[in-house]
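Down below is the structure, laid out as structure tokens.
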Amino acid sequence: MTRFTWFNVTALTLGFAFLYIPMIILVIYSFNESRLVTVWAGFSTRWYGELVGDEAFLNAAWVTLRVAFVSSTIATVLGTMAAYVLVRGGKFMGRTLFSGMIYAPLVMPEVITGLSLLLLFISIGLDRGILTIILAHTTFSMCFVSVVVSSRLVSFDRSVEEAALDLGCTPFDAFKSVTLPLIAPAVIAGWLLAFTLSLDDLVIASFTAGPSATTLPIKIFSSVRLGVSPEINALSTILIGIVTVGVITASLVSKRRLVQQQRDEKLADGQGA
Amino acid sequence: MTIGRRALIGIPYLWLLLLFLVPFGIIFKISLSDITLAIPPYTPTLDLSEGWPGIRDFLRQLDFENYVFLTEDALYWKAYLSSLRIALVSTLLALCVGYPIAYGMARAAPEWRPTLMMLVILPFWTSFLIRVYAWIGILSTEGYLNQFLQWIGLIAEPLQIMNTPTAVYVGIVYTYLPFMILPIYATLERMDDSLLEAAEDLGCSRLSAFWIITFPLSRSGIIAGCFLVFIPAIGEFVIPSLLGGSGTLMIGKVLWEEFFSNRDWPVASAVAIILLLILVIPIILFQKTLEKNQEADA
């Protein structure tokens, strides 16, 4: 029921103002000339220049991107397998434990996950560095991928898969040529989610990164602890810009796909009649 | 069982066993150990080369001393209670802020809904750390909020908001708001509107129709949203350490400092185990609601 009442309009306006004003302030003040972040002293792009010249930030960004790419890719494979097992796998030994291990990391405090993984790496004698961050990120983000993919697997018609199997496909072929294309949007969404979670993570990375590897959130955190700084504002603006473009593009693509799908269905109906 | 099926189940299973379950065993074991000046900084360490007597000796050295220590020091009690209180207050605040937004979204014109939805999700994709950081500039003594309030003449002296629990509430509500809005929106959007029309035909006022019909029907969304805010808020580290300062005590921060500053791994592990025990009940309840919602959808 569409109701354009004052209450709804006010709720939405205030709500979105609360969500967006802090970020807008951050973006505006990243163009501030002064080092004193809260005093406006004229327009300048000088902090972007200093950021680009800062070797430590660039290195941290490169480490973060590599970790995010590798961990989200492994997490997508493992998470999709886990989702398939949970939704289509039927009964097997230890199924309850398995689903528990999928859901628990979603709500586990990061300090516990980080501490437990660090203690594991130390007790098996694995040197801390990029590899350990990748292992840690893969572990928690595969659970997010698995939840996203399994919600898609639950919702689609199973008979298509069964038809493929009846027509002589091996289970792997049926998965590859029938199931995978159907769940592809969820798999991509899962990968993006895993990638973002990895880019964003401070706590788990702080525990599992050794002195040899510094990720961008670790670097940001250590400079933010000393107070607000214009370089961080500039960096935040860049990150907010990338995310905004990404999210808007994704929503346009999915909207176009939806329209296309509806058109196809209408066409198919017309031919059937 | 075919080899393919075995590998399909086995690989993710093994991964989670090794990197999720086994580490908890290790935390538990270290929480029973004692701190020493060595690498790694706890004793005893298990040495399998000594065989059975070695294992027996190892087990004899484990004790619950760290847990006794936690119960005796008031700091830890205060930290656990204060985390629970902060998480609870923030969850209720997030519900009060999030429900009207979700309601407004569900009542907006259908062609607007995807855009509104995108606007709620967008902050979630932006860095968590940056969203917390944005509030430092707003809430600090010489920050934008104080400047604004002084400019309009509402206050003469700047308010001390930074480094108080209020700043932590603001931070948690702000960063976790999408988790509250989305499940509530999902239930409100699915609601059968004819129920409301029927209520109004029968002479119900809009407000009482809301309390009798809409609110109870959105219960599953409210419960899911509250769990999604409450559970991670208890163990939160970034928000209390950036916005709460020394004025707020939260268990996530205590654990971090115990580990990184005091280098007391056994006590940090014991803190983690107790935090886990506190979280087990809400986590199990959450999983039950999640399964129930999924069954209702199917």
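The single condition among (1) touching a residue at least 12 places away in the same chain (Cβ under 8 Å); (2) in a helix (DSSP H, G or I) that B:Arg263 does not satisfy is (2).
Mind listing whichever residues of region B:130-151 are more than 26 Å from A:Ile242 (Cβ to Cβ) and either at the interface with chain A (Cβ under 7 Å from one of its Cβ atoms) or polar (S, T, N, Q) (or both)? Residues satisfying the conditions are B:Ser140, B:Thr141, B:Glu142, B:Gly143, B:Asn146, B:Gln147, B:Gln150. Take the conditions (1) crowded, with 19+ Cβ neighbours inside 10 Å; (2) more than 21 Å from the chain's Cα centre (by Cα); B:Ile130 misses just one of them, which is (2). Tell me, yes or no, whether region A:93-102 has at least one residue that is surrounded by 19 or more Cβ atoms within 10 Å (Cβ to Cβ), within 9 Å of chain B (Cβ to nearest Cβ) and in contact with a Gly (Cβ under 7 Å, 6 or more places away or on another chain). Looking through region A:93-102, none of the residues is surrounded by 19 or more Cβ atoms within 10 Å (Cβ to Cβ), within 9 Å of chain B (Cβ to nearest Cβ) and in contact with a Gly (Cβ under 7 Å, 6 or more places away or on another chain). Of everything listed in (1) at pLDDT 90 or above; (2) surrounded by 12 or more Cβ atoms within 10 Å (Cβ to Cβ), the single unmet condition for A:Val245 is (2). Applying the set (1) within 30 Å of B:Arg190 (Cβ to Cβ); (2) surrounded by fewer than 18 Cβ atoms within 10 Å (Cβ to Cβ); (3) polar (S, T, N, Q) to A:Thr73 leaves exactly one unmet item: (1).
In the set A:Val247, A:Val224, which member is under 30 Å from A:Gly42 (Cα atoms) and among the β-branched types (Val, Ile, Thr)? So that I can check it myself, show each step before the final result.
Details: A:Val247 fails: under 30 Å from A:Gly42 (Cα atoms).
Residue meeting the stated conditions: A:Val224.
Screening B:Leu59, B:Leu75 for residues that are under 30 Å from the mean Cα position of the chain (by Cα), of a type in the set (A, V, I, L, M, F, W, C) and more than 12 Å from every other protein chain (Cβ to nearest Cβ) leaves exactly one candidate, B:Leu75.
Kindly indicate whether any position in region A:40-59 is of a type in the set (Asp, Glu) and assigned to a helix (DSSP H, G or I). Yes, there is a match, as at least one residue in region A:40-59 is of a type in the set (Asp, Glu) and assigned to a helix (DSSP H, G or I).
All conditions in (1) more than 30 Å from B:Tyr185 (Cα to Cα); (2) touching a residue at least 40 places away in the same chain (Cβ under 8 Å); (3) part of a helix (DSSP H, G or I) hold for A:Ile28, with the sole exception of (2).
Confirm whether A:Gly90 is on the phi > 0 side of the Ramachandran plot, modelled with pLDDT of 85 or more and surrounded by fewer than 17 Cβ atoms within 10 Å (Cβ to Cβ).
no
For region B:182-210, the set of residues classified as over 27 Å from B:Gln287 (Cα atoms), part of a helix (DSSP H, G or I) and without any contact (Cβ under 8 Å) to a residue 12 or more places away in the chain consists of B:Ser194, B:Glu197, B:Ala198, B:Glu200, B:Asp201, B:Arg206, B:Leu207, B:Ser208, B:Phe210, listed by residue number.
The values are calculated or read from the model by the stated rules, or taken from the named source; none is laboratory data. Bear in mind that the values here come from a model prediction, so they are computed numbers and not experimental data. Please note: Cβ atoms are built from the backbone with ideal geometry, for glycine as well, and neighbour counts cover all protein chains shown.
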